[in-house]
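For reference, the structure is listed below as structure tokens.
The values are calculated or read from the model by the stated rules, or taken from the named source; none is laboratory data. Predicted model, so just to flag it, every value in this text is computed and none were measured. What goes into the accessible areas is simple: the full protein's heavy atoms, side chains included, and nothing from ligands, DNA or RNA. Shrake-Rupley method; radii C 1.70, N 1.55, O 1.52, S 1.80 Å.
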Amino acid sequence: MSTDVVRLDLLLRRRSIVGYSFGMAVYAIVIVALYPAFQNETGLDQFTSENSTVAALFGINGSLTSASGWLNANLYANFLPLIILLLTIGYGASCIAGQNEDGTLGLVVTLPLSRTRIALQKVAAMWLVAVPVSLVTAFCVIAGRGFDLRIGTGALIGVTVALLLLGIDFGALAMLIGVSTGSRPIALGVASMIAAAAYLINSLAPVVGWLRPARLVSPFFYAVGDNQLVEGVSFSAFVVLTAIAVVLSWSAIAVFGHLDVN
């Protein structure tokens, strides 16, 4: 099967992919290298326990001086998901709605490919856009074993895949909204708003009692909100994240089949 659409979309975004990956690598290396300096700072744990709501906003739960707590607070519970969502939501909002607005989608649909294949390739490109930054971060964390930052390889791989699925969930949502409304700004704004709400629900639920049941509707809970760096990502969590991605992706593909292309 021709992969022209995937290659073209990745080519157009090569600078942002390389830039985000390089920046994330530098940031992750700094976080890893700083861990020994804070490993025995009990004052950090006291600060987070006394300011639990503020800590929760940044995804900090439990000991900040443990390897998993340090990585969650500085990478996996906040910053890395943010970068992945910037890439996937941005791509999802622009890959169809944005191209239709600027008139280039009309050229894409003239390729000898069905609309279903075109949309499937765009979903594949969405995944590939987020892969480099995720892998670079994981490699830096593995290198962190030289700085006494030890995380189980299985748990790390599981969280990396879960974050990619999280990115696809919201990227596919942006793609669906864009196809349905024909507006890139609306897709970008609404998908980002829903992602922010899902993050806040997952982060604040441990310290806000009435929010705790709502964690189950937040994709963040299944990716990074349930101590996954220690216990690994459960099979049921993978099922939930995958099911969301599949439903939203196929919904976007179905709507794209009836889109009036400019």
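Overview of results
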item	result
17 Å tail of the calculated P(r), the range 167-208, as % of Cα pairs	35 percent
Alpha carbon Rg of the range 81-152, scaled by the compact-globule rule 2.2 N^0.38 Å	1.56
Hull shadow area, averaged, the range 119-177 [alpha-carbon convex hull, nm²]	4.2 nm²
Å² per residue, accessible surface of the range 157-223 at 1.4 Å	38 Å²
In degrees, nearest ten, helix 79-93 long axis to first principal axis of the chain (Cα)	10 degrees
Ratio of Rg to Rh over the range 220-262 (Cα coordinates, Kirkwood Rh, two decimals)	1.27
Rounded tilt (10° steps) of 153-181 against the dominant C-alpha axis of the chain	40 degrees
Helix axis angle, 115-143 relative to the chain longest principal axis, alpha carbon, degrees	20 degrees
Per residue, the convex hull volume that the Cα atoms of the chain enclose (Å³)	119 Å³
Carbon plus sulfur fraction of accessible area for the chain, probe 1.4 Å, in percent	68 percent
Relative intensity, log₁₀ I(q)/I(0), of the range 135-238 from a Debye sum that treats every alpha carbon as a point, q = 0.11, 0.19, 0.22 Å⁻¹	-0.43, -0.98, -1.10
